[in-house]
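Just below is one structure, and these are the notes that go with it.
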Amino acid sequence: MAAAAAVSAQVTPNAQKVYEVHRADLPVSCPMPDMMLWNSHPKVYLSLEATNKAKCPYCSADFVLVD
């Protein structure tokens, strides 16, 4: 039971709606590999370079480029 809680604590849940990403993280896709429900919808790549932000067309999560 404790092992499952430790693994769960290390994984970002898919419930978060705003994700801050860095240039080192590009290209960004949703869902991201570290999301708990990484297979919750088809993988889609998001373009952040023009406006420094993007919204996933499947789950409406917002991604913001912070640097």
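All of the numbers you see were taken from the coordinates with simple rules; none came from a lab. None of the values given here were measured: they were computed from a predicted structure. Glycine also receives a Cβ, built like all others from the backbone with ideal geometry; neighbour counts cover every protein chain displayed.
Descriptive notes on the structure:
- Amide H contacts of Lys53 (H built 1.01 Å from N, under 5 Å, at least 5 apart or other chain): Leu65
- Once both labels are positioned 7 Å from their Cα atoms along Cα-to-Cβ, the gap between Met36 and Glu20 label points is 2.2 nm.
- Proximity of backbone amide H atoms, modeled 1.01 Å from N, is registered between Tyr19 and Asp62, Phe63, Val64 at under 5 Å, excluding neighbours fewer than 5 places apart on the same chain.
- Met35 long-range amide H proximity, modeled H, under 5 Å: none
- Electrostatic bookkeeping for Asp62 treats Lys and Arg as +1 and Asp and Glu as -1; over the other residues with beta carbon under 11 Å from its beta carbon, the sum is +2.
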